[in-house]
Amino acid sequence: MEIKNKNNLSSKGFCKLDSFINESWINKIKIALPNQFRLHQDIREKNNNAIVSEGVAMNLLVSEPLCLEFLQFLIDENLIQTLEEHYFKTPCILNSFSALNVLSTEPTVFHKKIHRDIRGYSGSMPLLLNLLVMIDDFTETNGATLLLPYSHLIEKAPTENYFKNNAIKVTGKAGDIIIWNSNVYHASGLNTTNNSRTGLPITLSLPYYKQLLDYPKALNVHTNILSDELKALLGFDAQVPDSLYNWYQSDDNLLYKNKVDKKLSK
């Protein structure tokens, strides 16, 4: 596939893919999310977690098997390979896969604050990349994502006033995907309607960047049912050995496989 406005990703720091996710996938995800939001809120309440929201499901991939199928869909549609070739310049892995519903009753949840999704500033090093899949239409009134153009080129954080005056409201239809350099400052807009505004935030990273959650260990699935490409994306080929025995393995059994680095050079 070709990202038509991929130059915007390097210049402005973001671009958008229109109508990339079909209606069938959107409907399946919409059916699955309500139960997942409740499940994640229940877990947070039991553990006295600081996130109090009915619209946050972090690391959704672990609790909803449909996410694995969705990642395979992104692989099959060549989106992952395209991002590896044009952004990372090397194979990447999944850093996180979550779901967010911007609710009008929750104006101060963490994702509505101005922030970067990368700790520190990576400069020109493509450590991390954000994807936001629109499950509902994103409008100016229901919480369109706010992105600050060119902020990936500057280490210093913008003032709240500068962000307010210069950020762009990215609107779109269900099935569109926003892609941005993780150095870009952004925030979820306020939802002033009575309707949901749901999206799937997915981040990809270089293989040696620590995942938000250890997906290879957390996923309770039989790995032999996953494609080699999906296992590589989930981080199965970029694990950290935990003993000398696991360090000194044959090439086929290494937890951090050399093919992760050589894939694009073939």
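Please tell me if His86 is surrounded by fewer than 21 Cβ atoms within 10 Å (Cβ to Cβ) and in contact with a Lys or Arg (Cβ under 7 Å, 6 or more places away or on another chain). For His86, the condition - surrounded by fewer than 21 Cβ atoms within 10 Å (Cβ to Cβ) and in contact with a Lys or Arg (Cβ under 7 Å, 6 or more places away or on another chain) - is met.
Listed by first and then second residue, the pairs with beta-carbon distance under 8 Å, at least 6 apart or on different chains, first residue in region 13-29 and at positive phi, second at pLDDT 95 or above and part of a helix (DSSP H, G or I), are Gly13/Ser151; Gly13/His152; Gly13/Leu153.
If you go through region 91-106 and pick out every residue that is over 16 Å from Val52 (Cβ atoms) and over 15 Å from the mean Cα position of the chain (by Cα), you end up with 1. Among the conditions (1) touching a helix residue (DSSP H, G or I) at 6+ places or on another chain (Cβ under 6 Å); (2) of a type outside the set (D, E, K, R); (3) crowded, with 17+ Cβ neighbours inside 10 Å, the only one that Ile75 does not satisfy is (3). Residues in region 156-186 that are in contact with a helix residue (DSSP H, G or I) (Cβ under 6 Å, 6 or more places away or on another chain) and over 22 Å from Leu233 (Cα atoms): Ala174, Val184, Tyr185.
The values are calculated or read from the model by the stated rules, or taken from the named source; none is laboratory data. Values in this document were obtained by computation on a predicted structure and should not be read as measured data. Virtual Cβ from ideal backbone geometry, glycine too; neighbours counted across all protein chains shown.
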